[in-house]
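What follows is a set of notes on a single structure, which appears directly below.
The values are calculated or read from the model by the stated rules, or taken from the named source; none is laboratory data. For clarity, every value in this text was computed on a predicted model and none was experimentally measured. Glycine gets a Cβ as well: all are built from the backbone with ideal geometry, and neighbour counts include every protein chain shown. Please note that ligands, DNA and RNA were not included when accessible areas were found on the heavy atoms of the full protein model with its side chains. Shrake-Rupley method; radii C 1.70, N 1.55, O 1.52, S 1.80 Å.
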Amino acid sequence: MVDREFRDDDRLRRTLPAHRTYWRRMSRLGVLLHGGSWREGCGEILVVKAATRGELQQVLGEDPYVQEHLVLETRIKALEALVEAGEQQPRGAAPGRTEPAADPGPRADAQLSAHEWRVARMMLTGLTNRQIAEQFAVSPRAVEQHITRIYRKLSISRRAQLAVAIQGDLPRAGELAAAG
């Protein structure tokens with residue numbers, strides 16, 4: 001999972017078509033599994049399939065936003081670590097937290113069942129609803145119902161938000177750690 005924050009710059013709007021074209025091509029190649037913007041386009045979350053960190057850096061480096069020096073900060077987290085962290089939470093604990101928070105947010109009651117975690121993991125690896133349904137020998141509609149419950153529990157509305165919801169709240173501007 002790649003979480004990036006962008007400069008507030010006019011070049012961002014001018015470079016957007018090339019940025020979208022690049023990531024559409026990466027999606028067709030199976031490199032980009034999911035993606036979406038956050039905080040009114042000031043950042044984005046990408047779920048990218050790469051064999052090594054070097055391969056990931058190369059894919060990111062070819063992005064027109066990077067070439068135009070529009071990316072302020074980047075955070076990279078392996079999805080396996082996010083999913084494993086969520087699966088190891090004690091029953092009733094919020095995903096992405098190691099201990100209950102004093103002021104629980106909307107996700108504090110988000111408690112995914114073991115089966116919902118399996119479905120979420122499959123979603124994060126890029127499987128379609130139909131492919132997930134085939135794995136469980138159920139209808140795609142049954143999978144859609146599971147996904148709807150997952151989204152409700154995590155207070156999200158799109159697949160692109162899943163990895164971040166499992167990790168915890170979206171970062172605020174300036175809180176992203178530089179990739180390294």
Q. Hey, rough spin-label estimate for Tyr151 and Ala78, points 7 angstrom out along Cα→Cβ, what's it come to in nanometres?
A. 3.1 nm
Q: Please list the non-local residues whose amide H lies under 5 Å from the amide H of His34, H modeled 1.01 Å from N, same-chain partners needing a gap of 5 or more.
A: Val47
Q.
If I stretch the segment between Glu134 and Arg158 completely, what's the gain in nm (0.36 nm per residue apart, minus their alpha carbon distance), one decimal?
A. 6.5 nm
(Q) If you count only protein heavy atoms and use a 1.4 Å probe, how large is the accessible surface of Tyr151, to the nearest 10 Å²? (A) 40 Å²
**Q.** Residue-span extension gain [Glu62 to Cys42] - 0.36 nm each, minus C-alpha spacing
**A.** 5.3 nm
